[in-house]
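The values are calculated or read from the model by the stated rules, or taken from the named source; none is laboratory data. This is a predicted model, so every value here is computed, not measured. Glycine also receives a Cβ, built like all others from the backbone with ideal geometry; neighbour counts cover every protein chain displayed.
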């Protein structure tokens with residue numbers, strides 16, 4: 001009986017191998033598209049398009065509604081010196097620069113809570129004077145002062 005089993009086992013092994021190989025031989029992968037990351041001609045990293053979210057012209061910037069804090073006092077003209085009561089109308093915050101838009105005099109800052117004024121958030125602010133933006137770049141840690149009457153950041157200090 002042992003001699004009879006050996007030929008049967010080898011026949012079974014040959015039959016299974018033939019079935020497996022014939023099934024795999026018919027399988028073909030579809031060619032990769034040039035945009036597929038594994039394609040040899042695909043770009044290494046897709047290009048990041050520049051954000052157009054903050055690329056405003058002056059006419060595109062919406063007017064800001066006055067808040068109750070400012071409603072009792074008329075807003076100061078841009079560039080005018082602060083008035084006597086203006087010191088109480090300033091708040092200070094700290095955060096990280098997300099983007100600067102010098103042509104629109106704006107900065108986007110991700111900041112922590114500004115006690116008694118605003119919760120932590122990422123927000124765009126008008127900057128007056130625009131020259132405050134010259135040495136800032138994305139990722140800089142900053143301390144900034146908002147003049148509530150003028151609705152603008154009037155001082156920016158880089159933190160180490």
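Each row is one residue, and each column tells you yes or no for (1) outside any helix (DSSP H, G or I); (2) over 18 Å from residue 160 (Cβ atoms); (3) over 19 Å from the mean Cα position of the chain (by Cα).
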| site | (1), (2), (3) |
| --- | --- |
| 100 | yes, yes, no |
| 108 | yes, yes, no |
| 116 | yes, yes, yes |
| 124 | yes, yes, no |
| 137 | yes, no, no |
| 146 | yes, yes, yes |
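Would you check if there is a residue in the range 62-81 being exposed (fewer than 12 other Cβ atoms within 10 Å of the Cβ), modelled with pLDDT under 55 and either assigned to a helix (DSSP H, G or I) or in contact with a strand residue (DSSP E or B) (Cβ under 6 Å, 6 or more places away or on another chain) (or both)? Checked against the condition, which is being exposed (fewer than 12 other Cβ atoms within 10 Å of the Cβ), modelled with pLDDT under 55 and either assigned to a helix (DSSP H, G or I) or in contact with a strand residue (DSSP E or B) (Cβ under 6 Å, 6 or more places away or on another chain) (or both), the range 62-81 yields at least one hit.
The number of residues in the range 137-155 that are farther than 13 Å from residue 90 by Cβ and buried (at least 19 other Cβ atoms within 10 Å of the Cβ) comes to 1. Being touching a helix residue (DSSP H, G or I) at 6+ places or on another chain (Cβ under 8 Å) and closer than 16 Å to residue 92 by Cβ: is that true of residue 114 here? Criteria not met by residue 114. Of the residues making up the range 148-160, those that are more than 17 Å from residue 105 (Cβ to Cβ), touching a strand residue (DSSP E or B) at 6+ places or on another chain (Cβ under 7 Å) and part of a loop (DSSP other than H, G, I, E, B) number 2.
Would you check which residues across the range 126-135 are in contact with a strand residue (DSSP E or B) (Cβ under 7 Å, 6 or more places away or on another chain) and either surrounded by fewer than 14 Cβ atoms within 10 Å (Cβ to Cβ) or in a strand (DSSP E or B) (or both) and list them?
First pass over the range 126-135, keeping only residues in contact with a strand residue (DSSP E or B) (Cβ under 7 Å, 6 or more places away or on another chain): 126-128, 132-133.
Listed by number, the residues that qualify are 126, 127.
Picking from residues in the range 1-49 that are in a loop (DSSP other than H, G, I, E, B), more than 30 Å from the chain's Cα centre (by Cα) and modelled with pLDDT under 70, the one that is surrounded by the fewest Cβ atoms within 10 Å (Cβ to Cβ) is 1.
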